[in-house]
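S.K.: One structure, as structure tokens, below. Some questions next.
The values are calculated or read from the model by the stated rules, or taken from the named source; none is laboratory data. Treat the numbers as computed from the prediction; the structure is a model and nothing was measured. Using ideal geometry, Cβ is built from the backbone for each residue, glycine included, and neighbour counts are taken over all protein chains shown.
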Amino acid sequence: MDKRISFPGDADFSPFYPGSVVLITAVDSAGKVDICTVGAWALVNGVPNMFGIAMCARPSGESFWKRYTTTCIEQTGEFVINIPHAGLAEAWDICGSVSLTRQPDADKFALAGLTPAPAAKVKAPLIVECPVNIECRVHSKLELPTHDWIVGEPLACHTAADVLDGKTKLAWENVAVLK
């Protein structure tokens, strides 16, 4: 396998993001809902299960500013991790491009063609079109230079029957396969 080396600051330096994105939904203390596309998330604890999400929390250049979803999570201590299928790429692009911090009147559900649904345990809505939705309560937070790594305890998980039955797999066609 041929490899190239680059370092932070090099023009061709790129972080390795081989996996899926998720759509985080959250609601502020006044009931305003937001959706944010997040590329850094993971199962971070086994027993009990806990999930981590990286939320932009501080300004740093043109690409990084505090997302309104981060404000919502700070205010309510809750969020939903919505795992989309690859066919929702346009929707996650819209949710990652439109910012309620910069466009406070935007309706991301309408813009992205997504449908909200009530959650069982948290105030933030589920996204109907996503085959998996994980309702979480904030457990802890690690402040990093531009992002907060927010750890959530899952309170409920909604999974499409086809996924549970093994008829549908959440396959990501754009994921690099190492040979």
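S.K.: If you go through region 53-62 one residue at a time, do you hit one that is surrounded by fewer than 14 Cβ atoms within 10 Å (Cβ to Cβ) and at positive phi?
M.R.: Yes; the residues of region 53-62 include at least one that is surrounded by fewer than 14 Cβ atoms within 10 Å (Cβ to Cβ) and at positive phi.
S.K.: Which residue, of 3, 32, is of a type in the set (Lys, Arg), out of contact with any strand residue (DSSP E or B) (no Cβ under 6 Å at 6 or more places or on another chain) and modelled with pLDDT of 90 or more?
M.R.: 32
S.K.: Pull out all pairs, ordered by first then second residue, where Cβ-Cβ is under 6 Å, the residues are six or more apart or on different chains, the first lies in region 32-50 and is in a strand (DSSP E or B), and the second is surrounded by 14 or more Cβ atoms within 10 Å (Cβ to Cβ) and basic (Lys, Arg).
M.R.: 35/108; 36/67
S.K.: Right, next: Residue 93 fails exactly one of the following numbered conditions: (1) in contact with a helix residue (DSSP H, G or I) (Cβ under 9 Å, 6 or more places away or on another chain); (2) closer than 16 Å to residue 134 by Cβ; (3) surrounded by fewer than 17 Cβ atoms within 10 Å (Cβ to Cβ). What is the number of that condition?
M.R.: (2)
S.K.: Inside region 99-119, can you point out the residues that are touching a helix residue (DSSP H, G or I) at 6+ places or on another chain (Cβ under 8 Å) and crowded, with 18+ Cβ neighbours inside 10 Å?
M.R.: 99, 100, 108, 112, 114, listed by residue number.
S.K.: Kindly indicate whether any position in region 120-127 is on the phi > 0 side of the Ramachandran plot, surrounded by fewer than 17 Cβ atoms within 10 Å (Cβ to Cβ) and out of contact with any Ser or Thr (no Cβ under 9 Å at 6 or more places or on another chain).
M.R.: No, because not a single residue in region 120-127 is on the phi > 0 side of the Ramachandran plot, surrounded by fewer than 17 Cβ atoms within 10 Å (Cβ to Cβ) and out of contact with any Ser or Thr (no Cβ under 9 Å at 6 or more places or on another chain).
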